[in-house]
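*Asks:* Below is one structure. I have some questions about it.
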Amino acid sequence: MTKLSKIAAERGIKYFLISFTDLFGVQRSKLVPAEAIDGMMKNGAGFAGFATWLDMTPADPDMFALPDPDSLIQLPWKPEVGWLAADPIMNGKPVPHGPRNVLKAQIAAAAAMGYQMKAGVECEYFLLSPDGEAISDSADKQAKPCYDQQALMRRYDVITEICDAMIVLGWNPYQNDHEDANGQFEMNWDYADALITADRHAFFKFMAKSIAEKHGLRVTFMPKPFSNLTGNGCHTHVSMWRGDTNLFADDKDELGLSELGYQFIAGLLHNGEALTAITNPTVNSYKRINAPRTTSGATWAPNTLTFTGNNRTHMIRIPDDGRFEFRLADGAANPYLLQAGVLAAGLDGIRESRDPGKRLDINMYEEGHKVRNAKRLPLNLLDALRAFEKSTILRQAFGHEFMTAYGKLKLADWNEYCRHLSTWERDHTLDC
Ligand SMILES: [Mg+2]
């Protein structure tokens, strides 16, 4: 392996960001001069774990973030800095609830069964004014703003700077558009191995925010920043591979999906309520799913645990041969836990040869109330966390330490929200 100090000298990298993602999806870094990087590759960069969203105490020893040299990305907007995804370790062992460690464990579990998951993510986001109060473009007012050419081109400079960066990084971006909410955009790049996609997903969020800030704008991936507008989804496209063979492809199936693909889907349906605690991890997430119709005419977010063919009103859509789209996750989903959660649920479906039942081809937004036996998604974070706590399948997959750490920190998050007194409560209760 070429030493990173040598790579730094060749590419003009002066500093490295040694970056790990905590349980709440926040990226934490040390900025390390190139002169010190080889030592950091041996021992990692030191952090006080309790100071981040990890389940640790102030009395715990140093936590080290050990960089993965394969993840190196030279910042396209500041090439003298190299970003490295890192894995948290303590007392010489991987921290079991470190999100990137959690994903690597699921990838190893899949590999032991002879599978490799590939995934692509669609990271919807809003471009806001710097204070975060409103969308940045006051002229962006169409009732149906999706694919609005004029509004897209008013943001040409920032969108193309991000897209150019992805071209340089070799991610093969192929389209950018204005999405269904005023001020909302999406950029698509090629799918890849789950760990690569998770690293790119994390980096994309950092990059989109950083480049937007350069342009005097602000990016948010918040699931529902405006109650009347479509929220930020993070639709995830999934396939399972062995070598060069896509094990989800099957010409004989009407939708081109193999039995293994249907079993994977059945795993997501079976574990969906518990999984929602991971894929929709914030109080705000539940204002995107189960939401009333937006001003554009649809939320584009699911309400039930159902699957279908090429129809965007269900949690899972099979749009094309050999893959499916999981439409539940939102912009707050931790890039690593999202992939780990999808994979764990899918592997359960495969192990248990689960059957997803018959697909539903109806418009769930119009006719959902007629469907019997369709499981509803949790209505709030607490319901999701209760399902998560109870899930023996997720506990088996992720281990006790992750389940406890995540459940504990997220429940504290919920409790803090409950202590918050809102204007709505005063308006509805003051005169009781
Ligand atoms: Mg979209």
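*Asks:* Full-extension gain between residue 210 and residue 144, please, as 0.36 nm times their residue separation minus the C-alpha to C-alpha distance.
*Replies:* So the chain would gain 20.9 nm between residue 210 and residue 144.
*Asks:* If each residue's Cβ is checked for other Cβ atoms within 10 Å, how do 53, 414 rank with the fewest at the top?
*Replies:* 414, 53
*Asks:* Sorted from fewest to most neighbouring beta carbons within 10 Å, what does the list 379, 268 look like?
*Replies:* Fewest-to-most ranking of 379, 268: 379, 268.
*Asks:* Whole percent per 5 Å bin, from 0 to the bin with the longest distance: what is P(r) over all C-alpha pairs of the range 310-353?
*Replies:* 5, 19, 22, 26, 22, 6, 0
*Asks:* Which of rounded, prolate or oblate describes the range 291-432 when judged by the alpha-carbon gyration tensor and an a/c cut-off of 1.5?
*Replies:* In terms of gyration-tensor shape, oblate.
*Asks:* In addition: So what is the relative contact order for the chain, in percent, with contacts set as C-alpha pairs under 8 Å and at least six apart?
*Replies:* The value is 15 percent.
*Asks:* Let me ask something else. Note the full-extension length gain between residue 133 and residue 371 as 0.36 nm times their separation in residues minus their Cα-Cα distance, in nm to one decimal.
*Replies:* 81.8 nm
*Asks:* Could you work out the percent of alpha carbon pairs in the chain separated by over 38 Å, rounded to a whole number?
*Replies:* Pairs farther apart than 38 Å: 21 percent.
*Asks:* Here is a further query. Neighbouring Cβ atoms within 10 Å as the yardstick, rank 63, 403 fewest first.
*Replies:* 403, 63
*Asks:* Let me ask you something else. Note the direction-averaged projected area, equal to a quarter of the hull surface, for the Cα convex hull of the range 9-92, in nm².
*Replies:* Value for the range 9-92: 5.7 nm².
*Asks:* Something else: Between residue 428 and residue 177, what is the spin-label point distance in nm, taking each point 7 Å from the Cα along the Cα→C-beta axis?
*Replies:* 3.6
*Asks:* On to the next question. Counting Lys +1, Arg +1, Asp -1, Glu -1, what net charge surrounds residue 386 among other residues with beta carbon under 13 Å of its beta carbon?
*Replies:* Local net charge: -1.
*Asks:* For the pairs 104/209; 6/42; 224/287, flag any whose C-alpha to C-alpha distance is greater than 18 Å.
*Replies:* Listed pairs above 18 Å: 104/209.
None of the figures in this text is laboratory data; all of them are computed from the coordinates on show. The shown structure was predicted, so the numbers you read here are calculated from the model rather than taken from an experiment. Cβ sites come from the backbone with ideal geometry, for glycine too, and all protein chains shown count toward neighbours.
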